[in-house]
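Note sheet for the following structure.
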Amino acid sequence: MIRRLSVLLAALTLAGCTETDFSPLERKLVELRAVPGSFELEPLPELPTYVATSYEQGDRRSPFKAPMPESEPVAQDTSDLKPDLSRPKEPLEAFKLESLDLVGTLMVGGQTFALVRAPDGEVHRLRQGDHLGTDFGRVIDITDTAVQLMEVVTNGGNGWVERTRRLTFEEQSTKRAG
């Protein structure tokens, strides 16, 4: 019954949309067909020549995002310092630190956790000692407003240095504004 009413309503709606008086249009078409060269079309504008430009800055920070505050390296280059490459990667180590959002902190049983959203939208619960970011970052402290981590980065030569970084709520507002 409802289907029949829907079909009837659709047919009535479409019937009301038709215009049966095409006489002005038909007269104009007859005029145009009678004298084929009676009107001139403007020539098409000449298209500009396309020259491809290579973009070589794709691996750099977007100019529309605020830079992450970096601290000075805390340890000098030592031959002992290097990331543990045999350790299994944690899920948030697949993302650059700049793409992660601190969305909250949580205390459960006396232990503080950080809630961090990945670019794929999934929220992860981190505790001290967990890893995140592509620079071998390890969480060393969680406060109500920030996650502090220690990263192990190359010194540009054959060695490694440690540096501290912070992921804070304030950075999120500048990410969205930029």
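The values are calculated or read from the model by the stated rules, or taken from the named source; none is laboratory data. No experiment lies behind these values; they were computed from the predicted model shown. Every residue, glycine among them, receives a Cβ derived from its backbone with ideal geometry; neighbour counts consider all protein chains shown.
Data overview
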{"read-out": "Residue in segment 92-101 that is surrounded by 15 or more Cβ atoms within 10 Å (Cβ to Cβ), touching a Phe, Trp or Tyr at 6+ places or on another chain (Cβ under 7 Å) and under 15 Å from R166 (Cβ atoms) present", "value": "no"}
{"read-out": "Odd one out for G157, checked against (1) surrounded by 12 or more Cβ atoms within 10 Å (Cβ to Cβ); (2) part of a loop (DSSP other than H, G, I, E, B); (3) at pLDDT below 85", "value": "(1)"}
{"read-out": "Segment 116-147: number of residues that are more than 16 Å from R166 (Cβ to Cβ), without any contact (Cβ under 8 Å) to a residue 40 or more places away in the chain and not acidic (D, E)", "value": "9"}
{"read-out": "Odd one out for V116, checked against (1) part of a strand (DSSP E or B); (2) out of contact with any His (no Cβ under 6 Å at 6 or more places or on another chain)", "value": "(2)"}
{"read-out": "One residue from L102, L149, L126 being at pLDDT 90 or above, of a type in the set (A, V, I, L, M), under 21 Å from S62 (Cα atoms) and touching a strand residue (DSSP E or B) at 6+ places or on another chain (Cβ under 7 Å)", "value": "L102"}
{"read-out": "When residues of segment 111-133 are limited to those that are surrounded by 15 or more Cβ atoms within 10 Å (Cβ to Cβ) and of a type outside the set (A, V, I, L, M, F, W, C), the one nearest to the chain's Cα centre (by Cα)", "value": "R117"}
